[in-house]
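A.B. asks: Let me begin by handing over the structure; questions about it come next.
The values are calculated or read from the model by the stated rules, or taken from the named source; none is laboratory data. Remember, it's a predicted structure, so these values are computed and weren't measured experimentally. Cβ sites come from the backbone with ideal geometry, for glycine too, and all protein chains shown count toward neighbours.
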Amino acid sequence: MTTSTHAVRVHQTGGPEVLRWEKVELPAPAAGEVRLRHTAVGLNFLDTYHRSGLYPVALPAVLGSEAAGVVEALGEGVTTVREGDRVAYASAPIGAYAEARNVPAAFLVKLPDFIDAATAAAAMLKGMTAQYLCRRTYPVQKGDHILVHAAAGGVGLILCQWAKALGATVIGTVGSEEKAKLAYAHGCDHVLFYRTEDVALRVREITGGARVPVVYDSVGKDTFLTSLDCLRPRGLMVTFGNSSGPVGPVDPRLLATKGSLFLTRPALHDYVRERAELEATAKDLFDVIASKAVQIRVAQTYPLRDAERAHRDLEGRKTTGSTILLP
């Protein structure tokens with residue numbers, strides 16, 4: 001039996017104007033699926049990559065990679081959740097920009113009582129990304145100096161707090177005085193302005209010439225080469241986003257001339273492929289939130305039907321921290 005609902009869909013790639021609020025018919029959940037009534041939806045730069053065609057998706061498509069909600073109906077064979085459970089997800093197939101959707105139960109994580117829907121929608125994708133970045137891609141150690149670009153962004157604010165709690169000295173980069181204040185308040189020991197300062201020079205000054213063992217870079221094109229210059233020999237360049245545009249082709253010999261550097265381009269889905277990995281990653285995130293070592297900042301809220309305005313503000317760098325869309 002189908003259910004009528006609304007979703008934000010794209011029928012062609014392009015700017016925010018291609019986002020359309022439409023009535024859709026939702027079928028009964030198939031085997032292994034649940035019907036989820038969304039209570040909060042997360043906004044991420046990843047959504048703009050799907051919308052623009054930078055990361056191609058089959059069209060028409062409902063965007064969105066993370067949300068929190070309540071289980072309304074179960075498909076055949078689902079035993080991991082029950083009707084009425086509060087759950088969230090961040091690694092399921094896209095489709096979160098909807099009042100309700102069917103989603104495979106394997107991607108859902110039950111929410112503890114102390115995590116509300118807004119926090120979950122703001123934290124799942126960005127928080128689990130921060131978890132794999134600082135705990136697994138490069139396990140941050142006490143005494144490390146690290147560099148985090150876009151330190152006042154959604155992932156940045158979480159990552160900086162988490163790394164600080166692990167004992168690192170955190171150097172963050174931002175684009176404005178307002179964002180600098182946020183970065184300082186969320187774990188950064190030093191904040192640099194990547195548009196106006198010589199970031200590599202400042203990193204050498206802060207570290208006494210040693211430079212850093214790891215750079216976490218979600219900005220992409222505008223910061224990539226500078227990031228390499230901030231790394232010590234055999235340091236790790238972690239490029240995990242493209243907010244300024246994708247990085248162009250890189251000659252591997254460049255990594256040798258700059259100190260036998262390592263380069264990786266990780267993605268969340270490869271760190272939560274197994275159910276046990278997903279549950280462990282989410283538990284680690286929930287634990288640091290419970291301990292207050294990491295605080296989730298929901299800085300902007302938009303109605304889901306205003307996703308176009310939210311995308312314009314995100315790409316115009318008018319947002320800080322995490323943004324949620326409310327169905």
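Yes/no matrix, rows are residues, columns are (1) surrounded by 13 or more Cβ atoms within 10 Å (Cβ to Cβ); (2) of a type in the set (A, V, I, L, M, F, W, C):
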position: Ala267; (1), (2): no, yes
position: Val272; (1), (2): yes, yes
position: Leu278; (1), (2): yes, yes
position: Ala282; (1), (2): yes, yes
position: Leu285; (1), (2): yes, yes
position: Gln295; (1), (2): yes, no
position: Pro303; (1), (2): no, no
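A.B. asks: Looking at Cys188, Cys160, which one is surrounded by 22 or more Cβ atoms within 10 Å (Cβ to Cβ) and either part of a loop (DSSP other than H, G, I, E, B) or among the basic types (Lys, Arg) (or both)?
C.D. replies: Cys188
A.B. asks: List every residue pair whose Cβ atoms lie under 9 Å apart, where the two residues are 6 or more positions apart in sequence or sit on different chains, the first residue falls within the range 167-187 and is over 13 Å from His145 (Cβ atoms), and the second residue, located anywhere, is in a strand (DSSP E or B) and modelled with pLDDT under 95.
C.D. replies: Filtered contacts from the range 167-187: Val174/Gly153; Lys179/Gly153; Leu182/Ala299; Leu182/Gly321; His186/Gly321.
A.B. asks: If I filter the range 309-318 for residues that are farther than 22 Å from Asn242 by Cα and of a type outside the set (S, T, N, Q), do I get at least one hit?
C.D. replies: Checking the range 309-318: not a single residue is farther than 22 Å from Asn242 by Cα and of a type outside the set (S, T, N, Q).
A.B. asks: Can you name the condition, by its number, that Trp162 falls short on among (1) over 20 Å from Ser291 (Cβ atoms); (2) at pLDDT 95 or above; (3) among the hydrophobic types (A, V, I, L, M, F, W, C)?
C.D. replies: For Trp162, the failing item is (1).
A.B. asks: Same structure again: Quick one: how many residues across the range 22-65 are β-branched (Val, Ile, Thr), in contact (Cβ under 8 Å) with a residue 60 or more places away in the chain and outside any helix (DSSP H, G or I)?
C.D. replies: 4
Every residue, every condition in (1) of a type outside the set (Val, Ile, Thr); (2) closer than 18 Å to Val41 by Cβ; (3) in the same structural domain as Asp222 (by TED's automatic domain parsing), yes or no:
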position: Pro249; (1), (2), (3): yes, no, yes
position: Val294; (1), (2), (3): no, no, no
position: Asp313; (1), (2), (3): yes, yes, no
position: Gly316; (1), (2), (3): yes, no, no
